[in-house]
Structure formats: C-alpha cells, structure tokens
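See below for the structure under consideration.
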Amino acid sequence: MLVALTIATSVAALALAAWCGFAAYRDQPTKDWHFIGMGVVTLLALVQLIVGIVQLARGEDPAQGTTIFVAYLIGSFACVPGAGFMSLAERTRWGSLTVAAGGVVLAVLEVRLYDIWGG
C-alpha cells in the first residue's frame, strides 16, 4: 500500500467528518458543497482501490490474507458514497451526522487496510 495515499485519504475523510459534523451541530442538512467534498474523498478511496488491486495483480500479498484485504478495500470505497445516499434520504441535521460518521469509519478502515497489508 502507498503510505502517503493512505494518510491523505484518512486525513481527507476526517476533514469531511469534521465539516459535516459542524454542519450537524449548526442544525444544517448536507449541502451541495458537502457532496463535492464527498466526491473528493470517494475519488481518493477509488485510487486506493485501484492501487490495491494493481498490487494484488502484480503478485504482492497482504500479510493478513487477500480475502480480508479485498473486503476492506471494497468497504472503504463504498463507505462515503453510502453515507451520502443515506443523507439524501434524511434532509435534516441527521443526514450531515451520517456523513460525518461515514468519514470517521473510512479513516478507521484506512488504518485497518494499512495494518492488513503489513504496515
């Protein structure tokens, strides 16, 4: 895994979580600019997914097993978009809080991906 990409994705996810958490604190639903932030974080997770698949295709093996690594890769990619879709269904402060929780979960998944790879 690329350490810099893992750190960048985690930091961006935590920044999104703080931003949407602040919106929830101010009793605001997710806005268009929040979805732009979710797009940026999702793009970083997509790059992480591609890098992970390429490394597996080159024959590199994660320390804790390929199956769990692929499961975490897919989960980390789907985390923020899933939270974004749920926030569309709940157009209150709870939608923003859902995205904030999704950002925190993504950051934790990124740390776990690094650990599974053998970091």
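Screening the range 27-52 for residues that are outside any helix (DSSP H, G or I) and in contact (Cβ under 8 Å) with a residue 60 or more places away in the chain and picking the one that is nearest to the chain's Cα centre (by Cα) gives Thr30. When residues in the range 27-55 are screened for being over 15 Å from Ser87 (Cβ atoms) and open to solvent by 50 Å² or more (accessible area, probe 1.4 Å), 7 of them pass.
Ala78 - would you say it is of a type in the set (Gly, Ala, Ser), surrounded by 14 or more Cβ atoms within 10 Å (Cβ to Cβ) and within 17 Å of the chain's Cα centre (by Cα)? Yes: the conditions hold for Ala78. For the range 6-22, does any single residue satisfy the condition of being modelled with pLDDT under 95, open to solvent by less than 30 Å² (accessible area, probe 1.4 Å) and either hydrophobic (A, V, I, L, M, F, W, C) or in contact with a Leu (Cβ under 6 Å, 6 or more places away or on another chain) (or both)? Looking through the range 6-22, none of the residues is modelled with pLDDT under 95, open to solvent by less than 30 Å² (accessible area, probe 1.4 Å) and either hydrophobic (A, V, I, L, M, F, W, C) or in contact with a Leu (Cβ under 6 Å, 6 or more places away or on another chain) (or both).
The values are calculated or read from the model by the stated rules, or taken from the named source; none is laboratory data. As the structure is a computational prediction, the values presented were derived from the model and not from experiment. Every residue, glycine as well, gets a Cβ built from its backbone with ideal geometry; the counts of neighbours run over all protein chains shown. The area values use the complete protein model at the heavy-atom level, side chains included, leaving out ligands, DNA and RNA. Shrake-Rupley method; radii C 1.70, N 1.55, O 1.52, S 1.80 Å.
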